[in-house]
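Below is one structure; the comments refer to it alone.
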Amino acid sequence: MGGKGLHLIEMVKLRLPVPFGYVVTTKAFDYFMGLNNNAEIIQQIIDKTGVDDTKNLIEASDKIKKMIAREKGRKIIFLFKVLDSLEALKRNYSKKLLAEIVPLAEKTIVSFSTESMLKRKKFAAKRNWIIDFINERFKILDDFEIGGERYIVFKREK
């Protein structure tokens, strides 16, 4: 795991308010990036993206979506604990993003927390807005909860 992931863990241990997210080990990330010739291009896009500029983030997202569309072979998209962050950037952006990228992949998996990390108390919010959206537009293959995290696996056509 990289230094950023380690620092996030340390902040959680100190009971600091850490926003939801996920960590991919450096080794797994490097392996994935080495699978195709897009690694350098994606890294350049990420390096040039200013995280405080919503327009810039959306443009970078569009570039990466186009790259996904061009790739051959099986594609599975994982969006773990990112829906709330996307909504904080722009209302209904999660729905727009899903509508655009789900047709590009064989399966898509989203997740979101159902309870607090520290106290393990259930959240009152059930995220029905996104569950309804997924259910209306896509075919849900699996829907389960493990360790305070809900996972929904779905594909393009109903």
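Of note:
- Cα shape, region 119-158, gyration tensor, a/c 1.5 rule: oblate
- Placing a label point 7 Å from the Cα of Ala69 along the Cα-to-Cβ direction, the residues of region 99-114 whose backbone N falls under 17 Å from that point are 99-106.
- Neighbour net charge for Ser111 - beta-carbon separation under 12 angstrom, K R +1, D E -1: -2
- Alpha carbon centroid spacing (whole Å) that separates region 47-97 from region 102-158: 17
- Loop trypsin sites (Lys or Arg not before Pro), region 51-113 (other Cβ atoms within 10 Å of the site Cβ: 14 or fewer; DSSP): Lys72, Arg74, Lys75, Lys90, Arg91
- Fewest-first sequence of Ile76, Ile42 by Cβ atoms within 10 Å of each Cβ: Ile76, Ile42
- The residues Asp84, Asp62, when put in order of fewest to most other Cβ atoms within 10 Å, stand as Asp62, Asp84.
- Label separation (Glu40 vs Lys126): 5.1 nm, computed from points 7 Å beyond Cα along the C-beta direction.
- Among residues other than Trp129 with Cβ under 10 Å from its Cβ, the summed charge is +1 (Lys and Arg +1, Asp and Glu -1).
- Neighbourhood net charge (13 Å Cβ-Cβ; Lys/Arg +1, Asp/Glu -1) for Asp142: +2
- Computed over the Cα atoms of region 74-158, the ratio of the radius of gyration to the Kirkwood radius (Rg/Rh) comes to 0.96.
Bear in mind that the values in this text are calculations on the coordinates, not laboratory data. In this text the structure is predicted, and so the values were computed from the model without any measurement. With ideal geometry, Cβ positions are generated from the backbone for all residues, glycine too; neighbour counts draw on all protein chains shown.
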